[in-house]
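Chemist: Quick one: structure below, then a few questions.
The values are calculated or read from the model by the stated rules, or taken from the named source; none is laboratory data. None of the values given here were measured: they were computed from a predicted structure. Glycine gets a Cβ as well: all are built from the backbone with ideal geometry, and neighbour counts include every protein chain shown. The accessibility values were calculated without ligands, DNA or RNA, using every heavy atom of the protein model including side chains. Shrake-Rupley method; radii C 1.70, N 1.55, O 1.52, S 1.80 Å.
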Amino acid sequence: MKDARFDPARWADRRRPFDALEAQVVRLHLANPDRDADHVVDALRYVLSFARLTTIRNRDGVDVDVSGVNHLHAMQVQEALTERLDGADSLWNAARVLPDLVEATRRARASILARLPIDRDALEAEVTTRLLAVVSGGGGGAGYVYPGCFEVLERSGLIPDLMVGTSIGALMSMFRARRRRYDPAPMVSAARRLSWGTVFQVLEAENRYGLPATLRLYLRTALGHLFQDADGESLRLSDMEIPLYVIATGITVDALKHDLDYYEHFFDAELRRRSVRSGVRGVLKTIAILAEFLARLDALKEIVLGRAPGTEDFDVLDAAGFSAAIPGVIHYDVVRPDPRMHRLLDQLYATYGITRLGEGGMVANVPARVAWETAVGGFIGGGRRNVFVLALDCFATGSSSLAWFPLQQIVRTSNVEAHKVFADLYLGFPRTLSPMNLVPSLRDVFMAMRWGRDRLQIQMPFVLEMTNPIPVLSGAS
């Protein structure tokens, strides 16, 4: 991150309790809708959002730390509302202390404006509006539910301020992030033209930055024409109209238990047999190889392509390709003559002390923490920190088939649970395509998109309420 003063753990302790209390207020209101209580909900949300303040970017573009000035007030708000919302089935108990909290918030607001170089407009923008960060996790073919979710957000008038993706989540997110207005046509067109042979090849090929594997992923052959600018140049992460970050795993030498030839031919037998039994064996071998790497988390490094210094201009397809490269199963690499990307990758490898890049799900399969830290660190949205994180997990426990349950459990305990607490809404999917269905038929794509739409649609009243602007609290400054 760019700001040495930004301490994610400290700000999580400071801000997340208020995120949870605001969500509780909204859910109670949605469970017991009452138009006469709308003003109570608005006032409670303002009070909580104000208490959450840590840093405000003023009109001059300067970040001003308000956490110290606001600390005592925030603790009083947290104590008062936690006590009255804990186990509550209505907002009545909270409403009884609201007049005192509103008056205290007005005094705290006046104090901040009087003592610190912050303008009223900047303060109110930080308190009353929320950024939307959409996180899409890994899970192979199960991730085709994501475009359906993107459609629901678009139809509801919500444009993400940030997208963060891992593996299939990165692949789906790059289609969404290309333009602020969502058009699923390019993704559908790509799905119509894709075949196993255009996306994957089985051959021995040079490897330079990616870990060798049986299947070679050829994203540029399949999708290159969709991710070019008007001059025919490959689109970079910095070219996305919606900021897009992609999670990859930096693999150190200590993480490799075998020589490179072992990984290159790890999956050969399963591809040759092409039977139901070999399919099951393939799932088990995939689980085994990933479990082997996840047993050495200390030897793996989380790399956020697009956010890590020097990676802003990473080619979009290269970022997604590395993020989806499963050790021993799928190999992605940059071996084409491309001095710019080679220079960028060489610098990245030197900075992180890694020997290969691979599947992002090994370090952050549902990277909600990355999205939250990015927003709260002030690196998107003109420096605003107030963010709603929607985390989509196509590989959640209970989705796909029982054969994948062991890997789902391993991934959940190794990194998903740690990221999940940073999501304001974490959404698993009871119905998905098989993770092995990497190049589905168009019929399957449309079916998966429908499952995604249906799943998110149920939660949209909550999402819309949480992302709707809050009216400014009236009264003296």
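Chemist: With respect to the numbered conditions (1) crowded, with 17+ Cβ neighbours inside 10 Å; (2) without any contact (Cβ under 8 Å) to a residue 40 or more places away in the chain, which one is the sole condition not fulfilled by D13?
Modeler: The single condition D13 does not satisfy is (1).
Chemist: Provide a single number: the residues in the range 38-56 that are touching a strand residue (DSSP E or B) at 6+ places or on another chain (Cβ under 8 Å) and not in a strand (DSSP E or B).
Modeler: Filtering the range 38-56 for residues touching a strand residue (DSSP E or B) at 6+ places or on another chain (Cβ under 8 Å) gives 54-56.
Pick out the ones that are also not in a strand (DSSP E or B) and you get 54.
Adding up the residues that qualify gives 1.
Chemist: Within the group D454, D424, which residue is of a type in the set (D, E), under 24 Å from L158 (Cβ atoms) and open to solvent by 70 Å² or more (accessible area, probe 1.4 Å)?
Modeler: D454
Chemist: Among all residue pairs at least 6 apart or on different chains, which show Cβ distances below 8 Å where the first residue, located in the range 426-454, is within 12 Å of G143 (Cα to Cα) and the second is among the aliphatic types (A, V, I, L, M) and open to solvent by 40 Å² or more (accessible area, probe 1.4 Å)?
Modeler: Filtered contacts from the range 426-454: L433/M447; V439/L194.
Chemist: May I pose another question? Which of the residues spanning the range 140-175 are open to solvent by 10 Å² or more (accessible area, probe 1.4 Å) and over 13 Å from the mean Cα position of the chain (by Cα)?
Modeler: G140, Y144, E151, E154, R155, S156, G157, L158, I159, F175
Chemist: With the condition kept exactly as written, say whether any residue in the range 191-205 is open to solvent by 10 Å² or more (accessible area, probe 1.4 Å), among the polar types (S, T, N, Q) and within 13 Å of Y332 (Cα to Cα).
Modeler: Among the residues of the range 191-205, at least one is open to solvent by 10 Å² or more (accessible area, probe 1.4 Å), among the polar types (S, T, N, Q) and within 13 Å of Y332 (Cα to Cα), which makes the answer yes.
Chemist: State all residues of the range 232-259 that are in a loop (DSSP other than H, G, I, E, B) and open to solvent by less than 10 Å² (accessible area, probe 1.4 Å); if no residue qualifies, say none.
Modeler: I242
Chemist: Under the condition of being touching a residue at least 60 places away in the same chain (Cβ under 8 Å) and in contact with a strand residue (DSSP E or B) (Cβ under 9 Å, 6 or more places away or on another chain), which residue from the range 457-477 is surrounded by the most Cβ atoms within 10 Å (Cβ to Cβ)?
Modeler: Result: V463.
Chemist: I would also like to ask the following. Restricting attention to the range 414-432, and to residues there that are in a loop (DSSP other than H, G, I, E, B) and touching a Ser or Thr at 6+ places or on another chain (Cβ under 9 Å), which single residue is nearest to P8 (Cα to Cα)?
Modeler: Residue satisfying both the conditions and the ranking: F429.
Chemist: Just checking, how many residues over the range 88-108 are in contact (Cβ under 8 Å) with a residue 60 or more places away in the chain and not acidic (D, E)?
Modeler: 7
Chemist: So, one more: Just give me the residues in the range 89-125 being polar (S, T, N, Q), modelled with pLDDT under 95 and in a helix (DSSP H, G or I), in sequence order.
Modeler: The answer is N93, and nothing else.
Here's the yes/no breakdown for (1) open to solvent by less than 50 Å² (accessible area, probe 1.4 Å); (2) over 26 Å from T467 (Cβ atoms); (3) β-branched (V, I, T); (4) in contact (Cβ under 8 Å) with a residue 24 or more places away in the chain:
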{"residue": "P8", "(1), (2), (3), (4)": "yes, no, no, yes"}
{"residue": "L44", "(1), (2), (3), (4)": "yes, no, no, yes"}
{"residue": "V47", "(1), (2), (3), (4)": "yes, no, yes, yes"}
{"residue": "M75", "(1), (2), (3), (4)": "no, yes, no, no"}
{"residue": "A80", "(1), (2), (3), (4)": "yes, no, no, no"}
{"residue": "A110", "(1), (2), (3), (4)": "yes, yes, no, yes"}
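Chemist: With a cut-off of at least 1 residues that are open to solvent by 50 Å² or more (accessible area, probe 1.4 Å) and either in contact with a strand residue (DSSP E or B) (Cβ under 8 Å, 6 or more places away or on another chain) or aromatic (F, W, Y) (or both), name the helices (runs of 4 or more DSSP H) lying wholly within the range 296-413.
Modeler: Ranges flagged: 339-352, 405-411.
Chemist: Which pairs have Cβ atoms under 6 Å, sit 6 or more apart or on different chains, and link a residue in the range 326-351 that is touching a residue at least 60 places away in the same chain (Cβ under 8 Å) to one that is of a type in the set (D, E)?
Modeler: Going by the 6 Å Cβ cut-off, the qualifying pairs are I326/E359; V334/D318; V335/E206.
Chemist: A further question on this structure: Could you please give the count of residues in the range 176-219 that are touching a residue at least 40 places away in the same chain (Cβ under 8 Å) and in a helix (DSSP H, G or I)?
Modeler: Here the count works out to 10.
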